[in-house]
Each structure stands twice: as structure tokens, then as C-alpha cells.
Amino acid sequence: MSKKSRRTSSKPRAIIGLCILLVLTVCAGVLGVSGMKLDSRGLYKLLPWLPTTDAQNWPESLPLGLDLRGGVYVEYSAEQPDDIEGSFDALMDGTISVIQQRLTDKGYPESTVQKIENGTGIRVEIPDVTDPQAVLDLIGTPAELSFRDPDGNEFMTGKMVQTATYLYSEGDHQVAFTLNSEGAALFADMTAQSIGRQIAIYLDGEQLIAPTVQSIIPNGSGVINGMGSEERAKTIAAQIQSGALPLVLTQQKVDTVSATLGDEALSTSILAAIIGIALVMIFMIIRYRLNGVVASWALCIYIIVLFFLIAVVPGIQLTLPGLAGIVLGIGMAVDANVIIYERFNEEIRAGRPARAAVRAGFKNAMSAILDSNVTTLIASIVLLFFGTGSVQGFAKTLLLGVIVSMLSAILVTRFLMNSFVAIGATKASLFVGGVKGKEE
């Protein structure tokens, strides 16, 4: 088949591809702007990690942070009682885990619980709170751990647990625990009566785990096996440890953030972002002509995908620093397109046909794009692991934005440029002025 025949056959495919992508872009954009309601039950079957609420309203379902949605910010100092043994860090991790679980169970899954920088305190941020005092009372209640026999009767409390730690043995993730003398005697009697049956462990009235007794545990030291994963085993160990040995929390600071302030900040930020993006698109179209249109289209797709991922990926909250990370990610996406188009224009000015210029432009620009994005990825990962609070929010959105921008430049921009060339947009004047390039 001749080159002309191949170009003729590829033209309908390129037109169809562009039309499909245009329809998807417009539909997704309308969905995002209008906030059409989605049935989360149907969506949950496809994306099981989504929160199971009656209805999701996108973008209203975006997880907004405390500074945008309003809520309660509280700091506690943590103290280990003299009569409690064990690692302070382990007790701290367990306490944080229990507080987070309580807030999630009570309908605050977007709350964040973190150590304060000095390592001896806890910071709790709870967005969208209607009754701050009730939430503070919930946090301050001591953890209640209980052990129940196969009939559901409590026979031992968390006060009899001395330690609970993660253990990895023979390819199995486990939780190892030790009991005091009183607990060892009770546990020995109960395990002797319950071989082959389950002994349940409850935390704050909710079943934590219900392992099956395989043998008598006479000395108060046992192992719960079959946790499935290291993360689950560590979480269970921390919760048992915290339920048995809770830290004493003293409230140091409480702030209530008005939702009105958050709405104003969000509205102002969105308006500034829209104006900035519009100006960037106008500049790109003036400077790069048809490729500027391609860049604007790719940027729209980038923004839609980014906000969709923010809505569905767990652990990401949209905060003011997070919005700054998004804007910086948009800048990275535009920067990648600028590098590609400059290399492309160099090839056009050198007299290459548009199709060959696209290939050469991407080839010459790819190393610079990867270098700039990798350095930003490293910086965002460092901020994510070593930062706290709003710094982590900035790092998460920046990390996600850079990853999406790389995929946008490599996949979306390349597809659009190749498609426009395939449908006959090959004149040099469509891309750069003052040059008579070859047509295919």
C-alpha cells in the first residue's frame, strides 16, 4: 500500500477518534460543572473504594479540607501514665488509630488525625461539623477494649493486656500479645473451654476481630494469625494496644473554622484559577496556533481527569494549599506542551513535513519533560513523607497533578497532534508563521 493510500485510510479513523474524544470531553466537562448526581451504589460496583452514600454529587462530592469546608481544629497533648508500660510511640499510633476509627464510624470519614511536629501531641481536623462539642466528647472518651466468649459474654477487659505487637512468622502476618497474671489465668480457662470456637475482641462496642481458638494458651502469651496483610496486622495490634493502654489526652487548643470563610476562599481561588487558565489558553493559541488549540483541549482533559481522581482516590482532601498544588501541576502540564511545540516548530522551520515533525518533536522533547517532572515528583514525595497537615495536602495534589500531566503530554497531546495531521492539517502556516514547510 502506498503512503498516499495509508494516509487516505487513516483520515476517517482520525476523524472518528477526534469526534469521540470531543464528545467525552464535553460530557465530562458538563458533568463536572453542573454537578449531575451519580448513583453511588451503581458506581460502587465499578469503583469499590468509593464511599457508600446514597448519592454522590460531583464536584460537590470532592473531599474538601477544613480551610474550605469549615469545621473543628483541635490539638491535644498526650501523656503516658506512670503505671502504664510500653512504647510511647506505639501507644501514640494506637491512640491515633482509635480516634480516626471513631470519627469514621460516626460519619466523619474525611477527618484527619496526625502527630504534632514535636511528637508528643495529636492534631485533629474535622471538616463539616455541626456539633463541635459532641465530636470533642467523642474524641476524649477512653478506649474500651473487651474480650467476649463464644456466647458473647465479656470475660476480660483491656486493662489486662500488657502488650500487642505486629509479628511476621513463617510467611504469616500475625499479632502477638501478652497478658498480666490475672488476664493469663482468665484466658487460659476460656481457651481451654473454647477450642475450635471464636473469642471476639471488641473496641468501643464494635467487633475488632474474632479469631478461632486453636489450642490452650496457659501462660498469657499468644498469637493471632491469619491477618492477611502487614497493614491490617499492625492496625489491629495498635488498636488492641491503645484499647489496653490509652494515653491521657489533654485538650490544648480548639478552633472553629466558619464554612462561610471556606466558601469565600474556594470561590476566590476557583475564579483566579479560571482566569489564569483562560489567559494561558489564549496565549498558547496565539503563540502556537493549531497546536495551541491542541494544548487547550489537552489541558481541559487534564483538569477533568485530575479532579475526578481527587474525588475517587482515598486519602486526598482539597485544601487551599492543595489548590496551589493543582495550579502548579497545570503549569507543569503547560510547560510540557511548550517544550514539545518548540521542538516541533524547530523541525517545521527546518523544512520537515508535519508528520515527521511530530515524531521528532516528541523524541527531542521527551528527555527534558521527564527530567523536569521527575525532579518535581521527588520533591512532592519528600514533602508527602516528611511534611504534616497542609504541607501534605499540597504534596498529594502536586504528586497526582504531575503524574497526570506526564500522561497528558505523552498520550493525549501526541494523539491530538497525530490526529490533526492525519486529517490533513499539514501546512506550516497552521503551526508557525513565516515558514513554508513541506506538505504530505
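Ile275 fulfils the conditions (1) within 29 Å of the chain's Cα centre (by Cα); (2) modelled with pLDDT of 80 or more; (3) within 30 Å of Ile139 (Cβ to Cβ) except for a single criterion, (3). Of the numbered conditions (1) under 24 Å from Ser229 (Cα atoms); (2) crowded, with 19+ Cβ neighbours inside 10 Å; (3) modelled with pLDDT under 90, Asp172 fails exactly one; give the number of that condition. Of (1) under 24 Å from Ser229 (Cα atoms); (2) crowded, with 19+ Cβ neighbours inside 10 Å; (3) modelled with pLDDT under 90, only one is false for Asp172: (2). The condition (being under 17 Å from the mean Cα position of the chain (by Cα), outside any helix (DSSP H, G or I), among the β-branched types (Val, Ile, Thr) and at pLDDT below 85) is satisfied by just one residue among Ile310, Ile316, Ile326: Ile316.
Among the residues of the stretch 123-136, are any of a type outside the set (A, V, I, L, M), surrounded by 20 or more Cβ atoms within 10 Å (Cβ to Cβ) and under 30 Å from Leu320 (Cβ atoms)? Yes; the residues of the stretch 123-136 include at least one that is of a type outside the set (A, V, I, L, M), surrounded by 20 or more Cβ atoms within 10 Å (Cβ to Cβ) and under 30 Å from Leu320 (Cβ atoms). Within the stretch 167-213, being more than 19 Å from Asp151 (Cβ to Cβ) and either part of a strand (DSSP E or B) or in contact with a Ser or Thr (Cβ under 7 Å, 6 or more places away or on another chain) (or both) holds for Leu167, Tyr168, Ser169, Asp172, His173, Gln174, Val175, Ala176, Phe177, Thr178, Leu179, Leu203.
The values are calculated or read from the model by the stated rules, or taken from the named source; none is laboratory data. If you're wondering where the values come from, they're calculated on a predicted model, not measured in any experiment. Positions of Cβ are backbone-derived with ideal geometry, glycine not excepted, and every protein chain shown enters the neighbour counts.
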